[in-house]
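The following block contains the structure, expressed as structure tokens.
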Amino acid sequence: MDNQLPLEKDLALDGQHSFYYDIFQSSSIGQIVVNLNLNIVSANSRMFQYFQINPHDAKGLPFGCVFNCTELNHNYRECGKTKNCKSCGILNAVRDILLSDTSIKGSVIQYSFRIEKRHAAKWFYLSGANVATSSGDHYAALVFTDITELKQQEKRLREKLTLDLATGTMNKHSLVDALQKLVEPGITSCRFTICMIDFDNFKKINDQCGHLMGDKVLKVFSDIARKHIRKNDILGRYGGEEFIFVFNGTDHIQSLQILKRIHKELMDRFAQEFNAPVTFSAGVVYVDNAACFLPQCADLLGDVDRMLYQAKNRGRGRAMSSTGETLFISSDI
């Protein structure tokens, strides 16, 4: 009994764990007691199971050290010592509980940790309250309910709502919403190129080879496009065989080079499968709010659609810019 912390002494009775302590240890949800510095007083078996750790005596050790927080390394072995610790939901909850005597009920937090040399993350509902010992010491009793699977399902559902399932690109609703945010009032600096592309003679592919082949072409195109665009660029399916690119921070010349690479790889990919090359036409509009006012989203879409219409009228397999330039022709690639 001499090595027990004050709270554990309160939980013990004549050298035997109390009935309530047995419940604490066998609970199906994670429960833990910590002090203000997130040093552990007691943790039940479920907490260790959450992080695939064998239960062991963790008394006096920092929470992040025991449960492999990604913030802790050889330089930092105490919770709360790094800059990112300021946003830790667990640490902030404990401070609210012990310094403000505030109970926490169902706060949603994410915890990042290491497991077998890789990074992982879990989501929890976190509840907690201030508990006091007979000697007047105060601790935070926390309850962790694992909701990781629920959050993953939520993410998958959100992706279904924002992505075009056939191509894995943004759907029209999320695409227009992202574009609207680029041109909304109050944007201090905005420079991008928007490109609308439409496949040439796509009906022939569907009619001669079937809709499954048509779907394959669109999927291959989307996969190729994602390889060539950057992380902060936007790609979405506007409708049918029409797609929109938004190249952030680039002018129409730079964007042209990306389009040409995508166009060439697409043609090469299907060169042996069709009698005629698989090509697309594109309309291109460059936007720089340092030089002019940002257009309305609807006006911008109208402008780039007109450029696409001009490209189609001039022979297809080409891109037309808002300056009237023919930017590329498929025979030149």
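The values are calculated or read from the model by the stated rules, or taken from the named source; none is laboratory data. Predicted model, so just to flag it, every value in this text is computed and none were measured. Don't worry about glycine lacking a Cβ; one is built from the backbone with ideal geometry, like all the others, and counts go over all protein chains shown.
Residues being farther than 16 Å from F199 by Cβ and either without any contact (Cβ under 8 Å) to a residue 12 or more places away in the chain or among the acidic types (D, E) (or both): count how many of those fall in region 256-267.
Going through region 256-267 one residue at a time, the tally reaches 1.
Tell me yes or no: at least one residue of region 163-170 is hydrophobic (A, V, I, L, M, F, W, C) and either within 21 Å of K260 (Cβ to Cβ) or assigned to a helix (DSSP H, G or I) (or both).
Within region 163-170, none of the residues are hydrophobic (A, V, I, L, M, F, W, C) and either within 21 Å of K260 (Cβ to Cβ) or assigned to a helix (DSSP H, G or I) (or both).
Going through region 79-91 one residue at a time, which ones are crowded, with 16+ Cβ neighbours inside 10 Å and under 24 Å from N130 (Cα atoms)?
Listed by number, the residues that qualify are C79, G80, C85, C88, I90, L91.
Also: Among the residues of region 87-102, which ones are of a type in the set (S, T, Y) and in contact with an Asp or Glu (Cβ under 9 Å, 6 or more places away or on another chain)?
Listed by number, the list holds a single entry, T102.
If you don't mind, there's one more thing I want to ask. Taking I53 as the residue in question, decide whether it is within 29 Å of the chain's Cα centre (by Cα) and either closer than 18 Å to K122 by Cβ or assigned to a helix (DSSP H, G or I) (or both).
For I53, the condition - within 29 Å of the chain's Cα centre (by Cα) and either closer than 18 Å to K122 by Cβ or assigned to a helix (DSSP H, G or I) (or both) - is met.
Within the bounds of region 28-47, is there any residue that is polar (S, T, N, Q), modelled with pLDDT under 85 and assigned to a loop (DSSP other than H, G, I, E, B)?
Scanning region 28-47, I find no residue that is polar (S, T, N, Q), modelled with pLDDT under 85 and assigned to a loop (DSSP other than H, G, I, E, B), so the answer is no.
Would you mind telling me which numbered condition in (1) more than 24 Å from L150 (Cβ to Cβ); (2) crowded, with 16+ Cβ neighbours inside 10 Å M47 fails?
(1)
Given the criteria crowded, with 18+ Cβ neighbours inside 10 Å, basic (K, R) and modelled with pLDDT of 90 or more, does K122 qualify?
Yes: the conditions hold for K122.
Tell me which residues, restricted to region 80-93, are modelled with pLDDT under 90 and in a loop (DSSP other than H, G, I, E, B).
Matches in region 80-93: G80, K81, T82.
Six or more apart or on different chains, Cβ under 7 Å: which pairs go from a residue in region 147-164 that's under 14 Å from L175 (Cβ atoms) to one that's part of a helix (DSSP H, G or I) and of a type in the set (G, A, S)? Could you list them?
T162/S174
Between D198, D215, D207, D223, which is closer than 22 Å to G317 by Cα and assigned to a strand (DSSP E or B)?
D198
A quick yes/no check of all residues on (1) at pLDDT 90 or above; (2) of a type outside the set (A, V, I, L, M); (3) outside any helix (DSSP H, G or I); (4) in the same structural domain as N206 (by TED's automatic domain parsing):
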site	(1), (2), (3), (4)
K227	yes, yes, no, yes
Q254	no, yes, no, yes
C292	no, yes, yes, yes
V304	yes, no, no, yes
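So which of Y111, Y76 is in the same structural domain as S42 (by TED's automatic domain parsing), in a strand (DSSP E or B) and among the aromatic types (F, W, Y)?
Just one listed residue meets the conditions, Y111.
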